[in-house]
Amino acid sequence: MKKVMVLLLTCMVLLAACSSGGKDKEQAASGGGDSQSKEITIWAWDPKFNIAALDIAKEAYNAKHPDVKVNIVEFAQADIIQKLNTGLNSGTTKGLPNVVLIEDYRAQGFLQAYPDSFTDLSGKIKADDFAEYKIGPTSYNGKQYGVPFDTGVAGLYVRKDYIEQAGYKLEDLQNMDWKQYIELGKKVKEKTGKNMISLDPNDLGILRMMIQSAGSWYLKSDGTTPDLKDNAALKEAFSLYKELMEANIVKVNADWSQFIASINNGDVATVPTGNWITPSVKAEASQAGKWAILPMPKLPATPNSVHATNLGGSSWYVMNIPGSDTAADFLAETFGSNADMYQTLLTKVGAIGTLKEAAKGEAYTQPDDFFGGQHTVSDFAKWTAEIPKVNYGTSTYAIEDILVVEMQNYLNGKSLDQVLSDAQSQAEAQIK
């Protein structure tokens, strides 16, 4: 009888151990332990930008919290989106990270579909500490879920030598609208033989910049209702795009490498895009001193359009899994408030953050010799504060797929009213 009891007790101990071990493994895959776990996992893409920024944040955080283990895992952005969707759709948190980087254009899709899967950070950071336009995509139902990170603030990169050859000075370009930009482009083409801009027909980023400058988007302010047919800013942007093409001042490119080549080879006079293009422009050292960065053109017929807009950008989110408190604390102490850390991010990584206090730091006020001593980061920081706030909603890329096709129809003779009406109908059918 004693042998039987001993055997039963042994089996119970082994079963308990096996059960505990399985649970520990699942917790480890999700960041480990309870909400105050001392180990967290972070997912991001781009080793030279986002991952490099995380390494700096990790070092800053561990200086005060050496007991916390921060695991940084690099995936391609598409893989992160796929893994998040798969995990959240399945209803299990197993294998998900504690912190994840999400592009601003995609954030509302996750927050609206899975609000309970993300941690409310309203008590950890102050939304007012960041550029106002970043709060739209990072908040939902009055709660702040994201910690805003980099700005996609746009600027008009200009080849000074080409502009001067055409008989203009930089001062002439300071407060342009897009029609004036097109007329300038014609003069530049006539005098220098250079195109004004390089565009990919399958990438309508220029439309995004145009309409956000007027506080408009592809969706209404609710972030879900398509706003194409009667969108005055979008209608004007379509018309201007066609004018650009018909003016014969566009060098068409088919991909990113061709776009960069058009810049570095000296094929274009201007590059209106997000500040993240700066390293690619500076990669051609022989062009040092030939470039300047000016405010973006605005829409001429839309009264509330301004000389500031955005293209791209991303923010950090905490998943509701074990380790969430530690993860939230990590973000709050680093990207959420550490203005000194942002000086390092700018100096070592080139990341311009959207934390307002960071813009007062020394690194943000340094001149850039490549751009003739211009205080480019100070300018970008100023323009960041002026970017109109819009709700990117859930369907930026789905709608843009529709608009890419309709833009070609418009360029081939279909009326603009019909183009936008058809795009509206397609978007309404797809977005429910």
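For the criterion of being surrounded by fewer than 21 Cβ atoms within 10 Å (Cβ to Cβ) and at pLDDT below 95, G350 passes. All but one of (1) closer than 19 Å to P300 by Cβ; (2) outside any helix (DSSP H, G or I) hold for G223; which doesn't? G223 satisfies all of (1) closer than 19 Å to P300 by Cβ; (2) outside any helix (DSSP H, G or I) except (1). The number of residues in the stretch 348-377 that are in a loop (DSSP other than H, G, I, E, B), in contact with a Pro (Cβ under 9 Å, 6 or more places away or on another chain) and closer than 21 Å to L311 by Cα comes to 3.
Applying the set (1) closer than 25 Å to I211 by Cβ; (2) at pLDDT below 95 to T270 leaves exactly one unmet item: (2).
Among the residues making up the stretch 231-283, those that are part of a helix (DSSP H, G or I), in contact (Cβ under 8 Å) with a residue 24 or more places away in the chain and small (G, A, S) are A232, A233, A237, S239, S262. Among the residues of the stretch 198-217, those that are farther than 17 Å from Y410 by Cα and either free of Cβ contacts under 8 Å to residues at least 40 places away in the same chain or aliphatic (A, V, I, L, M) (or both) comprise M209, M210, I211, A214. Residues that are open to solvent by 40 Å² or more (accessible area, probe 1.4 Å) and assigned to a loop (DSSP other than H, G, I, E, B) within the stretch 115-142 comprise D120, S122, G123, K124, K126, N141, G142, listed in sequence order. The listed residues are Q82, Q108, and the only one of them that is without any contact (Cβ under 8 Å) to a residue 12 or more places away in the chain and either assigned to a loop (DSSP other than H, G, I, E, B) or out of contact with any Leu (no Cβ under 6 Å at 6 or more places or on another chain) (or both) turns out to be Q82. All conditions in (1) open to solvent by less than 20 Å² (accessible area, probe 1.4 Å); (2) closer than 24 Å to E132 by Cα; (3) assigned to a helix (DSSP H, G or I) hold for Y397, with the sole exception of (1).
Kindly check whether there is at least one residue in the stretch 118-126 that is over 22 Å from L331 (Cα atoms) and either touching a residue at least 12 places away in the same chain (Cβ under 8 Å) or out of contact with any strand residue (DSSP E or B) (no Cβ under 6 Å at 6 or more places or on another chain) (or both). Among the residues of the stretch 118-126, not one is over 22 Å from L331 (Cα atoms) and either touching a residue at least 12 places away in the same chain (Cβ under 8 Å) or out of contact with any strand residue (DSSP E or B) (no Cβ under 6 Å at 6 or more places or on another chain) (or both), which makes the answer no.
Yes/no matrix, rows are residues, columns are (1) small (G, A, S); (2) within 30 Å of M341 (Cα to Cα):
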| site | (1), (2) |
| --- | --- |
| A127 | yes, yes |
| G167 | yes, no |
| D203 | no, no |
| L207 | no, no |
| S216 | yes, no |
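If you scan the stretch 97-139, which residues turn out to be polar (S, T, N, Q) and closer than 15 Å to G353 by Cβ? Within the stretch 97-139, T138 is the sole residue that qualifies. Condition first: surrounded by 21 or more Cβ atoms within 10 Å (Cβ to Cβ) and under 25 Å from V390 (Cα atoms). Now tell me which residues in the stretch 91-108 satisfy that. If the condition is that a residue be surrounded by 21 or more Cβ atoms within 10 Å (Cβ to Cβ) and under 25 Å from V390 (Cα atoms), then V99, V100, L101, I102, D104, Y105, A107, Q108 are the ones that fit. Considering V377, V405, the condition of being without any contact (Cβ under 8 Å) to a residue 40 or more places away in the chain and under 19 Å from the mean Cα position of the chain (by Cα) is satisfied by V377 alone. Scanning the stretch 165-176 for residues that are buried (at least 17 other Cβ atoms within 10 Å of the Cβ) and either of a type in the set (D, E) or free of Cβ contacts under 8 Å to residues at least 24 places away in the same chain (or both) yields a total of 1.
The values are calculated or read from the model by the stated rules, or taken from the named source; none is laboratory data. Everything numeric in this text was worked out from a predicted model, so none of it was measured. Glycine also receives a Cβ, built like all others from the backbone with ideal geometry; neighbour counts cover every protein chain displayed. With ligands, DNA and RNA removed, areas are computed over all heavy atoms of the protein, side chains included. Shrake-Rupley method; radii C 1.70, N 1.55, O 1.52, S 1.80 Å.
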